Amino acid sequence: MTKAERTREFIIAQSAPLFNTKGIAGTSMSDILEVTNLAKGSLYVHFENKEDLSHAVVDYHLAKLGEAVSTEMNKEATAKGKLFAYIDTLADTLNPPLEGGCPMLNFGMEADDTDEVIRKKLNDAIERAQQDLAGIIRKGIAAGEFQGDWDAKEFATKMFALVEGGIMMSRIAGNNKAMKVIARSLKKEIEENET
């Protein structure tokens, strides 16, 4: 990695928590300069503008979130264990895997009407997450772990939506009550579809 590439990565990593906590509109260039301790000119050598940086930050956050969830899911040998790990990794909304909470939720609500590039990145990530969850269920069906008539795609969509909705409800309430109900309900449905 060249010095320029290292500097670019440093800027993204240092400013990412700001964007995820304060939002894209709420993060100023002066905030970014403060956390990176760089001169304004140095910042603009690596990023054309704040929008350019925000696109790189969204990619960074989506990769980090994917790594955090995959790491926990990969510790499990069974399809049920992997689905439970997905839920558990995201269930403690007051101590999320990434500072500021779920970037899909945070950036999605802000960018859905304002930034087509970010909206597309998030939509692609959401579709991948649902495909991955459905794939786990299909493997569980093929292994005889789950009932053969379980609609993997439908449950993956429901699971993703409920987890994201639970994150929103719990973070707004300042407690995990809603997420605990959702996690319990999802786990019960998973267990009801075991063979």
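Taken together, the values in this text are just the output of simple stated rules run on the coordinates, not laboratory data. Note that the structure is a prediction, hence the values are computed from the model and not measured. With ideal geometry, Cβ positions are generated from the backbone for all residues, glycine too; neighbour counts draw on all protein chains shown.
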(message) Relative contact order of the chain, please, whole-number percent, based on alpha carbon pairs below 8 angstrom and at least 6 residues apart.
(response) 21
(request) Pull up the cross-link candidates among the lysines for LYS3, meaning alpha carbon to alpha carbon under 19 Å and not fewer than 8 places away within one chain. (result) LYS40
(request) Go ahead and run the numbers for FRET between VAL117 and ILE172, Cβ-Cβ distance against an R0 of 30 Å, rounding to 0.05. (result) 0.65
(message) With +1 on the Cβ of every Lys and Arg and -1 on the Cβ of every Asp and Glu, and nothing else charged, how large is the dipole of segment 54-192 about its Cα centre, in debye rounded to the nearest 20?
(response) 380
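First select every other residue whose beta carbon is under 15 angstrom from the beta carbon of LEU98; then total the charges, Lys and Arg +1, Asp and Glu -1. Don't skip to the answer; put the middle values down first.
On the way: positive: LYS22, LYS64, ARG171; negative: ASP59, GLU67, GLU72, ASP92, GLU99, GLU164.
The answer is -3.
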(message) Between MET109 and ASP151, how high is the FRET efficiency from 1/(1 + (r/R0)^6) when r is the Cβ-Cβ distance and R₀ = 30 Å? Nearest 0.05.
(response) 0.60
(request) Work out the FRET efficiency for SER42 and GLU99 from their Cβ-Cβ distance, taking R0 = 30 Å, and round it to the nearest 0.05. (result) 0.80
